[in-house]
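Enquirer: One structure follows; several queries about it will come next.
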Amino acid sequence: MYNFNGYEHAESDEIQRRMRELDVHSSTFLRSPPPTNDPITSLLTVFYSSLGFTGSIFGVSTASLLATATSALVTTAISIGINALLNPQRSVQTPSPEDGKVPLQQARPFRQWVVGRTRVAGAYMLWEASGNKLCSVQAVAGHKIRSFNRFFLHDDEVTLTGNWVDGLSDLRYGGQNVWIDYRYGEDVETYYDRISTYLGSDVWSSSHRGDGQASIAMAALSVKAENQLTYFPYGAPKLSVEVDGAYVYDPRDNTQSPTDKSTWKWSKNAALVMLWHQCFNEFGHKRDYNKAILPVVDIWIEEANVCDESIPTAGGGTEKRYEVGGFDTAENDPKVATNAILAACDGWLCERGDGALLFRVGKFRESLVETLSDQDIIGYQLQHDVLPEEEINRLVPKFAYPATNYATSDTDYFEDVDRQLTAGRVLSQDASYMWCQQWRQARRLGKRDWLRIQERKKGTINVRLSGINAIYSRWIRLNSPLALPSLDGLLIENRRSILAITSGGFAMDFIKHPSDIDAWNPATDEGTQPPVPPAPNPAGLSSPVIYSAVAQASSGSVYLAVKLVDPSDSSLSAAIRYRLADAGGGAPGDWVQKNFGSFSASGGYVSLSTDVVPANKSLEVQAAWITTTGKFSNWSSTDTVFSTADPTPPGDVYNLSVITGVAGEATINWNAPNSANYAGAKIFYNTVNNSSTATFSGPLISGVPNGSYSKTITRPAGTYYGWVQSVNASGVAGNMIPTGAFTVS
């Protein structure tokens, strides 16, 4: 029997409302009383009061702005079936890497855009024959691009002398019968005068410039009938190219401006590519940078720094944590490419009610964890295991492999043999990372998804508006002994959240967070490099496969140690070449080459060392085989390496102190060590005393030995722990020295 005390003077509608509320909280799994205050009213009062809003805004009531102020959209990548189950409405994907090998033939093709480094063919703007000349012009990208790197006719890589294709060993495309030219997509471009000469100005004139449109042109000259199949065995040549795509804005670089694209630089950094796609890509989401990014620019800077972190490889050296490369067309909704970028960096995206865009890549940090308590949870659906039809006991990471001319390739898979025995068969699922082009990165991404699959527990939590901070966070710790006792104290990952108006809050799809998701041992986790099928070139040689390229420091200088997969041919010699990835203005430098007259293989690899290279620079490296007659194979796919000149970490900072007199701020002070190679320091913070999950507060604070320095960080009220880490000019870091606990008011 309910206690009706205090209800006798209430209206009938109010009595019914209170009865329903008591029934819900007394009869369900919550076993908790109703809230003693109205969280919606109090939340909105605080929210709008902080903005200076009271009553109504331009005649619109505060309550009518509820959806705008508190709506949230959380997006995670669809890369495997388990994610698709959480996102059934978003089963979309970008063109496959193989789609970049053949140009589109449509009356009115959709425009295309390109980021990072990838292979594209674009769409025909012209396909016309006159006499013995077949001419084509292909639109590669609807924006300026950085460079054209490699050229392919059908699936044969070819080299150019001037603008004429060098024939292959069997005379394919030889005899100066194929001409190729290209344009980068400047605001005012230059027309292809040779095309105009071949076809006439009535077909292609000086007015056909293609302003702002990166393009490639080809002319193929037919030969005598008896030689036609020799020079063109597959019919009319189909041209495709490897390009470095769009220039993107980097908020970490003070020389760049979001309003001046001429200051931008090319990058494969996943966070920078995502920022460009969200705000500056003509075919992207077209968000206002000042609203979507600027209010939370520190978040984007932090994630860009995480993407640039160096991950050690089993062969020595390092590679960047998250890089992307790919292309899409205006035919697809921008969210298709957003998903591809997210998949390649294990990303998470959330649009706040004020329009700000929150972005997190796949690296857990304790300082970013929010809490959901019993009072925030209305209800839930929890799945402790998966249904038989959803079972996955083998996961196969797939990526676009530059070494096979950007074909889809597999890495070593992950599997659970015990689950396979229980199921009685292998239940394999592909993990698609098509904008990932590093096989090691694909393995890291695959391991993260595999660990999530093994956790099994997932579901949906209905969250009150009082839990809005958790909705805007990727990682959440549950303080739920009453509402969700089986997950009390554990971490979950916010996979998708929507505004649920009927329940007065949000619906959050979640999955239990693996505690060891960032664990990575290159020696055991990396697996083996995917095989590269032979593809002979004019010299009759296959391209080399670079296993690793590592910078080696010696007496203040740097050289490159390059390890190639053994060609099993002792008659060959080799060549290594490198160039600055950015020689100024975002453009690469000139190639510097060294030939090796002889080499010996050991353990399945050939080890070669260059001469001294520029120190503390990002270098692009390629290799080629050379025959005894001096003919070269095609150059290998490109590896990028940072030429670390000083591998010795500086001494540790000392005399740390923290000043917290200003609300929302903490100023960390330190003294630089008496180390000649000290160049600056990094500041980290966390909500727990754990440096391994601390958040980097960039940028780095430059300095000199024995100097005194400080940095002010802005954080919400609470208790924090800090660390200061010294670094040298090559970015090699010393120990993380703790500040101890401090409280931000």
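The values are calculated or read from the model by the stated rules, or taken from the named source; none is laboratory data. The structure presented is a predicted model; accordingly, all values stated were derived computationally and were not measured. Note: ideal-geometry Cβ built from the backbone for every residue, glycine included; neighbour counts use all protein chains shown.
To keep it simple, each residue is scored yes or no on (1) buried (at least 16 other Cβ atoms within 10 Å of the Cβ); (2) out of contact with any Gly (no Cβ under 6 Å at 6 or more places or on another chain).
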residue	(1), (2)
N163	no, yes
Y173	yes, no
V178	yes, yes
D181	yes, yes
G185	yes, no
T190	no, yes
D193	no, yes
S196	yes, yes
D202	no, yes
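Enquirer: Condition (residue is within 22 Å of V463 (Cβ to Cβ) and touching a residue at least 60 places away in the same chain (Cβ under 8 Å)) applied to the stretch 513-526: is it met by at least one residue?
Expert: Among the residues of the stretch 513-526, at least one is within 22 Å of V463 (Cβ to Cβ) and touching a residue at least 60 places away in the same chain (Cβ under 8 Å), which makes the answer yes.
This table checks each residue for (1) of a type outside the set (F, W, Y); (2) at pLDDT below 95.
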{"residue": "G316", "(1), (2)": "yes, yes"}
{"residue": "E319", "(1), (2)": "yes, yes"}
{"residue": "V324", "(1), (2)": "yes, no"}
{"residue": "K335", "(1), (2)": "yes, yes"}
{"residue": "R352", "(1), (2)": "yes, yes"}
{"residue": "F359", "(1), (2)": "no, no"}
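Enquirer: If E493 passes every condition in (1) in contact with a His (Cβ under 6 Å, 6 or more places away or on another chain); (2) surrounded by fewer than 20 Cβ atoms within 10 Å (Cβ to Cβ) but one, which one does it miss?
Expert: The failed condition is (2).
Enquirer: S573: among the hydroxyl-bearing types (S, T, Y), within 23 Å of T159 (Cα to Cα) and buried (at least 21 other Cβ atoms within 10 Å of the Cβ), yes or no?
Expert: Working: among the hydroxyl-bearing types (S, T, Y): yes; within 23 Å of T159 (Cα to Cα): yes; buried (at least 21 other Cβ atoms within 10 Å of the Cβ): no.
No; evaluated as a whole, the condition is false for this residue.
Enquirer: Right, something else. For D430, indicate whether it is modelled with pLDDT under 90 and not in a helix (DSSP H, G or I).
Expert: Spelling it out, it is not the case that D430 is modelled with pLDDT under 90 and not in a helix (DSSP H, G or I).
Enquirer: Please go through the stretch 446-488 and give me each residue that is in a strand (DSSP E or B), buried (at least 22 other Cβ atoms within 10 Å of the Cβ) and charged (D, E, K, R), ordered by number.
Expert: The one that is in a strand (DSSP E or B), buried (at least 22 other Cβ atoms within 10 Å of the Cβ) and charged (D, E, K, R): K458.
Every residue, every condition in (1) β-branched (V, I, T); (2) at pLDDT 90 or above, yes or no:
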{"position": "Q622", "(1), (2)": "no, yes"}
{"position": "F632", "(1), (2)": "no, no"}
{"position": "F642", "(1), (2)": "no, no"}
{"position": "G661", "(1), (2)": "no, no"}
{"position": "A672", "(1), (2)": "no, yes"}
{"position": "T693", "(1), (2)": "yes, no"}
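Enquirer: Out of the residues in the stretch 284-303 that are charged (D, E, K, R) and crowded, with 17+ Cβ neighbours inside 10 Å, which is nearest to I713 (Cα to Cα)?
Expert: Applying the filter and picking the extreme gives E302.
Enquirer: Still on this structure, please answer the following. Can you say whether G597 is more than 23 Å from T313 (Cβ to Cβ) and within 29 Å of the chain's Cα centre (by Cα), as far as the supplied structure shows?
Expert: no
Enquirer: Does the stretch 661-715 hold any residues that are aromatic (F, W, Y) and under 22 Å from G556 (Cα atoms), and which are they? Walk me through it before giving the result.
Expert: Initial filter on the stretch 661-715 (aromatic (F, W, Y)): 670, 678, 684-685, 696, 709.
Once the filter is applied, which keeps residues that are aromatic (F, W, Y) and under 22 Å from G556 (Cα atoms), the stretch 661-715 yields only Y678.
Enquirer: Follow-up question, since we're still on this one. From the residues in the stretch 365-400 that are of a type in the set (D, E) and part of a helix (DSSP H, G or I), which one is farthest from the chain's Cα centre (by Cα)?
Expert: Out of the qualifying residues, it is D374.
Enquirer: Inside the stretch 244-276, can you point out the residues that are part of a helix (DSSP H, G or I) and modelled with pLDDT under 95?
Expert: Of everything in the stretch 244-276, those that are part of a helix (DSSP H, G or I) and modelled with pLDDT under 95 turn out to be K261, S262, T263.
Enquirer: I'd like to know if the stretch 488-496 contains one or more residues that are at pLDDT 90 or above and within 13 Å of Y380 (Cα to Cα).
Expert: no
Enquirer: For the stretch 555-606, give me every one of the strands (runs of 3 or more DSSP E) that falls completely inside it and has 1 or more residues that are under 27 Å from R146 (Cβ atoms) and in contact (Cβ under 8 Å) with a residue 60 or more places away in the chain.
Expert: So the answer is 557-565.
Enquirer: What number of residues in the stretch 277-336 are among the aliphatic types (A, V, I, L, M), under 18 Å from the mean Cα position of the chain (by Cα) and outside any loop (DSSP other than H, G, I, E, B)?
Expert: Initially, the stretch 277-336 is screened for residues among the aliphatic types (A, V, I, L, M), giving 292-294, 296-297, 299, 301, 304, 306, 311, 314, 324, 330, 336.
With under 18 Å from the mean Cα position of the chain (by Cα) added as a condition, the list becomes 293, 297, 299, 301, 304, 306, 311, 324, 336.
Now drop any that are not outside any loop (DSSP other than H, G, I, E, B), which leaves 297, 299, 301, 304, 306, 311, 336.
So the answer is 7.
Enquirer: Taking the conditions exactly as written (surrounded by fewer than 14 Cβ atoms within 10 Å (Cβ to Cβ) and not small (G, A, S)), does D590 satisfy them or not?
Expert: yes
Enquirer: Identify, please: which residue in the stretch 423-445 is touching an Asp or Glu at 6+ places or on another chain (Cβ under 9 Å) and without any contact (Cβ under 8 Å) to a residue 40 or more places away in the chain and is, among those, surrounded by the most Cβ atoms within 10 Å (Cβ to Cβ)?
Expert: My answer is L427.
Residues are listed down the side, and each one gets a yes or a no for (1) at pLDDT 90 or above; (2) over 20 Å from V243 (Cα atoms); (3) out of contact with any Cys (no Cβ under 7 Å at 6 or more places or on another chain):
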| position | (1), (2), (3) |
| --- | --- |
| W179 | yes, no, yes |
| G185 | yes, no, yes |
| G200 | yes, yes, yes |
| T230 | no, yes, yes |
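Enquirer: Restricting to the stretch 496-524, name every residue that is buried (at least 16 other Cβ atoms within 10 Å of the Cβ), farther than 30 Å from R321 by Cβ and touching a Phe, Trp or Tyr at 6+ places or on another chain (Cβ under 7 Å).
Expert: Listed by number, the list holds a single entry, L499.
Enquirer: A further question on this structure: Give the stretch 194-220 a look and list any residue that's out of contact with any Phe, Trp or Tyr (no Cβ under 9 Å at 6 or more places or on another chain), over 25 Å from S262 (Cα atoms) and charged (D, E, K, R), or say none.
Expert: D202
Enquirer: Which one is nearest to N405 (Cα to Cα), of the residues in the stretch 106-138 that are assigned to a strand (DSSP E or B), out of contact with any Leu (no Cβ under 9 Å at 6 or more places or on another chain) and aliphatic (A, V, I, L, M)?
Expert: Applying the filter and picking the extreme gives V120.
Enquirer: Would it be correct to say that S637 is in the same structural domain as D569 (by TED's automatic domain parsing), in contact with a helix residue (DSSP H, G or I) (Cβ under 6 Å, 6 or more places away or on another chain) and either modelled with pLDDT under 90 or assigned to a loop (DSSP other than H, G, I, E, B) (or both)?
Expert: The answer is yes for S637.
Enquirer: Still on this structure, I have one more. Just name the residue that is farthest from E323 (Cα to Cα) out of those in the stretch 392-408 that are in contact with a Lys or Arg (Cβ under 7 Å, 6 or more places away or on another chain) and buried (at least 17 other Cβ atoms within 10 Å of the Cβ).
Expert: Selected residue: N393.
Enquirer: Given the criteria part of a loop (DSSP other than H, G, I, E, B), in contact (Cβ under 8 Å) with a residue 12 or more places away in the chain, touching an Asp or Glu at 6+ places or on another chain (Cβ under 6 Å) and surrounded by fewer than 17 Cβ atoms within 10 Å (Cβ to Cβ), does V688 qualify?
Expert: Criteria met by V688.
Each row is one residue, and each column tells you yes or no for (1) of a type in the set (F, W, Y); (2) touching a Cys at 6+ places or on another chain (Cβ under 7 Å).
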residue	(1), (2)
F364	yes, no
D385	no, no
E389	no, no
V396	no, no
F399	yes, yes
P402	no, no
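Enquirer: Pick out the one residue from I713, I683, I701, I668 that is under 22 Å from G362 (Cα atoms) and not polar (S, T, N, Q).
Expert: I683
Enquirer: Just need a number here: residues in the stretch 338-356 that are surrounded by fewer than 23 Cβ atoms within 10 Å (Cβ to Cβ) and assigned to a strand (DSSP E or B).
Expert: 3
Enquirer: Out of curiosity, is D410 free of Cβ contacts under 8 Å to residues at least 12 places away in the same chain and over 30 Å from F506 (Cβ atoms)?
Expert: So D410 does not fit the description; no.
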